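> Okay, handing you the structure first.
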Amino acid sequence: MIAGAGRTWQLVGSDGRPHGSTHPGMLGGNRRGRIYGRLDCPAALRALARGGYLANRVFFLDEATAIAAGYRPCKVCLLRWRKRSAARHSVTAAGLGLRMPLLGRSRIGLFLIRP
């Protein structure tokens, strides 16, 4: 069964206006705070449980759309997720040809990448 078969979801587009979509949103946000984050974000779930910003809740198809609409990432869920993701991959220093493999939060070392 296709996820959007016969259903329509209200998503915010890159222009900041609501649009109907046959695909559900992958990210949620707060219209008043102009913040977006994961649907399982602990901070958002706590606010919703308290009866928080339910009236201001918006949804986005992807991160690029949320950014284009003028929303910023949630510090609780997305930045923590990005740090974990970056720790699993090597980071290349911009324009220097240096590579810093990261393991958790500790730097292992630098070495030159030869073309």
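Read-outs: derived from the displayed coordinates by stated rules, not from any lab. These numbers come from a predicted model, not from an experiment. Note that each Cβ is placed from the backbone with ideal geometry, even for glycine, and that neighbours are counted across all protein chains shown.
> If amide hydrogens are placed 1.01 Å from N in the peptide plane, which non-local residues have theirs closer than 5 Å to the one on Ile35?
The answer is Asn30, Arg72.
> At Ser14 and Lys75, where each label point lies 7 Å from the Cα along Cα→Cβ, what is the point-to-point distance in nanometres?
2.9 nm
> To continue, here is another question. Among 50-60, 28-38, how do they line up from the highest to the lowest mean number of other beta-carbon atoms within 10 Å? Mind dumping the intermediate values first?
Working: 50-60: 14.5, 28-38: 19.4.
Sorting 50-60, 28-38 by mean packing, highest first, produces 28-38, 50-60.
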